[in-house]
Amino acid sequence: MLNYLPVTLGQLRTFLKVAETGSIAGAAAALVVTEPSVSAAVAALRRELGADLIERAGRGIRLTEAGHELALHATDILGLVQSARRSVAEAAGGPRHVRLVAVTTAGEYVLPPILGAFFDTHPGVQVSLEVGNRSDAIARLVARDADIAVGGRPPAESGIAGEAFLENHLVVVGRSDHPLRDRRALQPRVLARETWLLREPGSGTRATTEEFFASNDIQPAAVMTIGSNGAVKEAAVVGLGVTLISSHAVARELADGRLARLDVRGTPLRRAWYALYRDGSRLSKSTALFLNYLMTEDHPHPTDAGPARP
Ligand code: PGA
């Protein structure tokens, strides 16, 4: 073919930097190259793919629809090359490394005992663990910055598959002397009068709480958003409100009496913790080993207040 110019990984990397920084100059500075070389890479992609990829927007530039499409594919292609490198290095006797990302609740309360036992039985495998809320964790998995995510059920139509490995029960808790603590089978709508402590938008716990409100027709009198499980728990302990939270997160406080579980009809909400991965993507040997450990081995279970009322 005349004038055939293959798309190169370098051009894709440059293009993604342009997308990320929003300018040719920004990409050049980030990559420590000249501006003309960035422009040349973008122009070569444009010629090769036959579509305008960027357009002017004020003093900067923005991606066209075709540019957005290319950015998605470029992320996949570069991620795939990166995972090929890691798998090949591992097969050739290099480091065995699994990159985990976990939603906050799983990272804080579910994974630590499991990882401890995994390291004891598989001393040659390194595991790194990033913790973020549900939307961060899914984004890292999609961008191939993580091999496995641990969180709630896989998001619909996201190209992410998941396997449940542990039950996750969500319970309503309040301060230890909460006036409703001795009531049995409370109707959820009774709790509309309470102040609800909600995790930050983007967290799975908040999404589940909002679904709980919607399905029980609850419009809470007041809500307070608090960005971590630890801070939500402390706020509940001092009586600022009630919250719906994984029993893994409050097992200790329920056991030592700092929090009381409220016996609300329809709770505990029975969910599960899932190992999530990109559907159809090839797993490195150590990633497959860890996944198998989560799914089939009798690993330690984190402390759980359990579905029964304490
Ligand atoms: P979260 O996630 O820690 O972001 O609330 C919990 C979940 O997804 O169930």
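When the charge dipole of the chain is built from unit charges on Cβ atoms (+1 for Lys and Arg, -1 for Asp and Glu) and taken about the Cα centre, the candidate among 179, 235, 295 whose Cα reaches farthest toward its positive end is 179. When +1 charges are put on Lys and Arg Cβ atoms and -1 charges on Asp and Glu Cβ atoms, the dipole computed for the chain relative to its Cα centre reaches about 240 debye.
Calculated translational diffusion coefficient of region 249-291 (4 °C, 1.567 mPa s; Stokes-Einstein with Kirkwood radius over alpha-carbon pairs) equals 91 µm²/s. For region 163-207, the dipole from Cβ point charges (+1 on Lys and Arg, -1 on Asp and Glu) about the Cα centre works out to 300 debye, to the nearest 20. Springs between alpha-carbon atoms under 10 Å, Gaussian network over the chain: tell me which of 226, 114, 54 tops the mean-square fluctuations. Of the options given, 54 has the highest mean-square fluctuation.
DSSP assigns beta bridges within the chain; of those with both partners inside it, close to 60 percent run antiparallel.
Taking the inverse of the mean reciprocal distance over all distinct Cα pairs, the Kirkwood hydrodynamic radius of the chain comes to 22.2 Å.
Applying the Karplus relation 6.51 cos²θ - 1.76 cosθ + 1.60 with θ = phi - 60° to region 253-260 yields 3J(HN,Hα) values of 5, 6, 5, 8, x, 6, 10, 10 Hz, where x marks Gly and Pro. Looking at region 1-142, the DSSP beta bridges with both ends there are about 35 percent antiparallel.
Taking the Cα atoms of region 1-94, the ratio Rg/Rh between the radius of gyration and the Kirkwood radius comes to 1.04.
Looking at region 212-300, the trypsin sites (Lys or Arg not before Pro) that sit in a DSSP loop and have at most 16 other Cβ atoms within 10 Å of their own Cβ are 265, 282.
The GNM of the chain, with springs linking C-alpha atoms under 10 angstrom apart, assigns the highest mean-square fluctuation among 45, 166, 141 to 45. When only alpha carbons are used to place a centre, region 145-171 and region 184-237 end up 22 Å from one another. Using a Förster radius of 51 Å, what is the FRET efficiency between residue 221 and residue 288 based on their Cβ-Cβ separation? Nearest 0.05, please. Efficiency computed from Cβ-Cβ geometry: 0.55. If R0 is 30 Å, the Cβ-Cβ spacing of residue 270 and residue 130 corresponds to a FRET efficiency of close to 0.65.
Since only 34, 166, 214 are under comparison, the one whose Cα sits farthest along the positive direction of the charge dipole of the chain, derived from C-beta charges on Lys, Arg, Asp and Glu, is 214.
Legend: calculated FRET efficiency, residue 296 to residue 256, from the Cβ-Cβ distance at R0 = 22 Å, rounded to 0.05, equals 0.05. Specify whether the C-alpha gyration tensor of region 129-169 places it in the rounded, prolate or oblate class, a ≥ b ≥ c being the square roots of the eigenvalues: rounded for a/c under 1.5, otherwise prolate if a/b is larger than b/c and oblate if not. Verdict is oblate for region 129-169.
Here, each number is a calculation from the coordinates, and none is a lab measurement. All values reported here derive from a predicted model rather than from experimental measurement. So basically every Cβ, Gly included, is an ideal-geometry build from the backbone, and we count neighbours across all protein chains shown.
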